[in-house]
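The structure appears right after this line, and notes come after that.
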Amino acid sequence: MAHPPLIVVAGPTASGKSQLGVELAERLDGEVINADSMQLYRGMDIGTAKITAEEARGIRHHLLDVLEVTEEATASAYQRQARDVVADIRARGKTPIMVGGSGLYIRAAVDIIEFPPTDPDVRRQLEDRLQVEGPQALRAQLRAADPESAAVVQDDRRLIRALEVVTITGRPFTTFMPPHQYEPSVEPVVQLGLRVNREVLHQRIEDRVATMRRRGLLDEVRQLAAQGLRHGKTAQHAIGYQQFLRVLDGAISEDQAAEQTVTATRKFARRQETWFRADGRIHWLGAPAEDLTDRAEEAIRAATG
């Protein structure tokens with residue numbers, strides 16, 4: 001008997017992916033696999049809009065709350081974990097449904113991707129140079145060695161990673177991202193993408209941040225700071241958390257943090273849309289809509305014959 005397809009529900013933040021994932025799982029006897037890199041962290045619940053027990057409606061969810069905030073999340077580790085979970089769900093005759101907006105993590109799970117090596121000593125040297133020389137010097141080095149990566153790298157963490165790869169391998173970081181090609185062991189795969197009108201999405205993001213604030217995001221950040229959030233290489237950079245850490249420092253007000261979180265989330269949503277639009281295998285669905293789950297199920301049937 002053929003494997004049940006791996007269903008991927010992707011799209012920008014606040015587009016309704018979690019709800020669709022649960023509804024598809026109910027219809028297809030499925031289980032959900034988290035594909036949001038920040039929802040891997042224990043305690044990062046409010047600021048990541050992590051699904052609640054009530055919202056999950058009894059559907060089993062995997063790869064939530066598997067890291068401490070001081071640990072580093074990596075796509076290569078996620079690749080191994082997610083593929084193991086997909087195999088386990090299928091072995092029990094159920095349908096795996098991957099839900100999230102972390103594009104690289106989704107590709108890591110479903111595509112043939114070779115992840116470049118790491119070297120703590122090289123990374124430490126680059127981090128020291130960043131502190132002494134500033135990012136412009138390192139960006140100039142990356143432009144000379146890997147102009148394609150330099151054009152898209154937007155933060156210091158990715159700048160360090162791109163230079164680390166060039167230093168270790170002598171190859172541009174971009175050469176490790178192959179064309180879109182599914183890993184045979186995870187096929188068949190059906191990818192669904194949620195497309196939301198820009199104005200509607202902006203309002204949904206604003207409403208979501210307001211809800212996070214009412215639910216106690218500042219208190220959550222305070223608790224996580226006590227657990228070492230500031231020392232987490234990945235977690236401390238999460239949108240919302242980095243802004244509300246500045247509230248704890250007295251640098252900005254809670255109102256300012258909320259406003260900055262909305263702005264940063266909107267920019268992030270645009271980057272997510274750009275990433276997913278580049279993948280021609282995704283079946284796009286307009287959202288939100290009352291018949292969204294029906295149309296998603298139709299797309300799955302059409303793709304799987």
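Quick look at the values:
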read-out: Residue within region 266-288 that is in contact with an Asp or Glu (Cβ under 9 Å, 6 or more places away or on another chain), under 27 Å from L67 (Cβ atoms) and crowded, with 16+ Cβ neighbours inside 10 Å present; value: yes
read-out: Residue that is surrounded by the fewest Cβ atoms within 10 Å (Cβ to Cβ) [pool: residues in region 73-89 that are of a type in the set (V, I, T) and in a helix (DSSP H, G or I)]; value: V85
read-out: Hey, T70 polar (S, T, N, Q), outside any helix (DSSP H, G or I) and in contact with a His (Cβ under 8 Å, 6 or more places away or on another chain) or not; value: yes
read-out: Qualifying residue in region 106-120 (condition: of a type in the set (K, R) and more than 24 Å from P179 (Cα to Cα)); value: no
read-out: Evaluation of D45 against (1) surrounded by fewer than 24 Cβ atoms within 10 Å (Cβ to Cβ); (2) in a helix (DSSP H, G or I) (one fails), failing number; value: (2)
read-out: Restricting region 149-175 to residues that are surrounded by 15 or more Cβ atoms within 10 Å (Cβ to Cβ) and not in a helix (DSSP H, G or I), the residue that is farthest from the chain's Cα centre (by Cα); value: P172
read-out: Condition met for I59 (at pLDDT 95 or above, of a type in the set (V, I, T) and more than 24 Å from T265 (Cα to Cα)); value: yes
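The values are calculated or read from the model by the stated rules, or taken from the named source; none is laboratory data. Predicted, not measured: the structure shown is a model, and the values here were computed from it. Note that we place each Cβ from the backbone using ideal geometry, even for glycine, and neighbour counts take in every protein chain shown.
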